[in-house]
1. Tell me, how many Å apart are the Cα centres for region 15-84 and for region 100-159?
2. Can you give me the distance in nm between label points at residue 32 and residue 142, each placed 7 Å from the Cα along the Cα-to-Cβ direction?
3. Pick from 104, 142, 163: which is most flexible by mean-square fluctuation in a GNM of the chain where alpha carbon atoms under 10 Å apart are linked?
4. Mind computing the radius of gyration and Dmax over the alpha-carbon atoms of region 109-175? Å is fine for both.
5. Lys/Arg Cβ at +1, Asp/Glu Cβ at -1, dipole of region 14-65 taken about the Cα centre: which of 35, 59, 14 is farthest positive-ward?
6. About its Cα centre, what dipole magnitude does the chain give when the only charges are +1 on Lys and Arg Cβ and -1 on Asp and Glu Cβ, stated in debye to the nearest 20?
7. Mind giving me the nanometre distance, one decimal, between the label points for residue 54 and residue 13, set 7 Å out from Cα along Cα→Cβ?
8. Roll a 1.4 angstrom probe over the protein heavy atoms and tell me the percent of accessible area of region 11-137 that is carbon or sulfur.
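The values are calculated or read from the model by the stated rules, or taken from the named source; none is laboratory data. Please read all numbers here as calculations on a predicted model, not as lab measurements. As a convention, Cβ positions derive from the backbone with ideal geometry for all residues, glycine included, and neighbour counts pool all protein chains shown. Each accessible area value is taken on the protein alone, full model and side chains, heavy atoms only, with ligands, DNA and RNA left out. Shrake-Rupley method; radii C 1.70, N 1.55, O 1.52, S 1.80 Å.
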Amino acid sequence: MKTLSQKFPQGVVYSTPYDTTVFVEASIEEVYKTLLEAAVLVLIVILVFLQDWRAMLVPATTVPVTIIGAFAAMWALGFGVNFSTLFAIVLAIGIVIDDAIIVVEGAAHNIEQGMSGHDAAIRAMNTLLAPIIGITLVLMSVFLPAAFLPGLTGRIYAQFALVIAATALLSAITP
């Protein structure tokens, strides 16, 4: 605006009566903070309830991989970072952690049965692969139709729906 204002006619000035960027930047900063807090709290809860720091490593590694994948999907789809896409990532973190905890619990159960860690993890994945793929397909079938809503509502929800569907798909691959 400073550059454009130099070409304004004599006596014409501009002003910004209400700057929405302050609110948007604060909202995005809060989502980033919530994302970090949620990840730390989930890891603490996993550590407290499973009482095994190694069990905490699986969700600790899948969350960053999924976040990177979500941002890659956003880039591929041409989406920017906004409140809708960040909210989708925060929700998807719960899905990723849920899948990771299920796999860890399955492996822990197999270890308690006397299997080695390697064999227990393979058996857990063989047992849980179908349910994880099933829930991923259910989640995608719930969120994808929102991407095809007509009008402004569809444009707003498309980013949310496609990011969470892509992240859910990635979460099925990650564990």
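1. Region 15-84 and region 100-159 have Cα centres separated by 19 Å.
2. Distance between label points: 3.0 nm.
3. 142
4. 17.2, 57
5. Value: 59.
6. 620 debye
7. Distance between the two pseudo-spin positions: 7.0 nm.
8. 70 percent
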